[in-house]
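The values are calculated or read from the model by the stated rules, or taken from the named source; none is laboratory data. Here the structure is a predicted model, which means the values were calculated and not measured. Here the Cβ positions follow ideal geometry from the backbone for every residue, glycine too, while neighbour counts run over all protein chains shown.
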Amino acid sequence: MTTEKLKSVIQREVAKLPKESQEAINAFDWVNITEEIGKKYLLNEVEINDLQVQTLLVLIGLTDPEYYAQSIENEIGTSKNEAEKITEEVFEKIFTPINDVLVENIKKGLKNKNPNPTQTLNFILSGGDYSAFLIPPLLDKEGNEGRFPENSPHPDPLNPSRPPLVRGNAPAPRPDKGEVGRGFNI
């Protein structure tokens, strides 16, 4: 019953969401569930499509779920009582299960990452330089964690072909001060 145009809009909008949200939304056939709910409440095809649009707007975060019943009442033209019943059923069959899957997906994603205090400290000490985390820290001769080993012949021992940023006695550039180009004495 859903029109092809609405199907393409749904696919396009869901594709814009983060991966975890896409997986949670796609885990349920919410389009058909809204269609069944619409038929149960004797909505016509246009009203069912409007119900699906209102549901999509909540799923992608453009409408607050708190206003879902009001949106149904205004957009579909149902009574307040009927809109509340539809809302209750949609929450029970669509929003709550999708939310549960989303929470599980996020928890799984966090289990695969092992944040620890050392990572947080390193990030703070790096001044917010994300590139500090692109390579794992190296260990010096004593086994202490450090960015580069002491007395390294080159500032980047993992990529010695890359020229150093600073030559001679020039001070290092300070990106936080807008001095990105300073220090290149080539």
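Checking residue 42 against (1) within 26 Å of the chain's Cα centre (by Cα); (2) assigned to a loop (DSSP other than H, G, I, E, B), only one condition comes out false. Which one?
(1)
Going through the stretch 20-39 one residue at a time, which ones are out of contact with any helix residue (DSSP H, G or I) (no Cβ under 8 Å at 6 or more places or on another chain) and of a type in the set (D, E, K, R)?
Across the stretch 20-39, the qualifying residues are 29, 36.
Consider the stretch 61-94. How many of its residues are touching a Ser or Thr at 6+ places or on another chain (Cβ under 9 Å), assigned to a loop (DSSP other than H, G, I, E, B) and not β-branched (Val, Ile, Thr)?
Summing the residues that are touching a Ser or Thr at 6+ places or on another chain (Cβ under 9 Å), assigned to a loop (DSSP other than H, G, I, E, B) and not β-branched (Val, Ile, Thr) in the stretch 61-94 gives 1.
Of the conditions (1) within 30 Å of residue 108 (Cα to Cα); (2) among the acidic types (Asp, Glu); (3) modelled with pLDDT of 90 or more, residue 23 clears all except one; give me its number.
(3)
Just to be sure before I move on: is residue 55 at pLDDT 90 or above, assigned to a loop (DSSP other than H, G, I, E, B) and polar (S, T, N, Q) in the structure I sent?
For residue 55, the condition - at pLDDT 90 or above, assigned to a loop (DSSP other than H, G, I, E, B) and polar (S, T, N, Q) - is not met.
Going through the stretch 16-33 one residue at a time, which ones are β-branched (Val, Ile, Thr) and either touching a Phe, Trp or Tyr at 6+ places or on another chain (Cβ under 9 Å) or touching a residue at least 60 places away in the same chain (Cβ under 8 Å) (or both)? So that I can check it myself, show each step before the final result.
To start, the set of residues in the stretch 16-33 that are β-branched (Val, Ile, Thr) comprises 25, 31, 33.
Matches in the stretch 16-33: 25, 33.
Being free of Cβ contacts under 8 Å to residues at least 12 places away in the same chain, farther than 19 Å from residue 104 by Cα and assigned to a helix (DSSP H, G or I) narrows it down to one of 13, 36, 47, so name that one. Steps first, please.
On the way: 13 fails: free of Cβ contacts under 8 Å to residues at least 12 places away in the same chain; 47 fails: free of Cβ contacts under 8 Å to residues at least 12 places away in the same chain.
None of the other options fit; the residue is 36.
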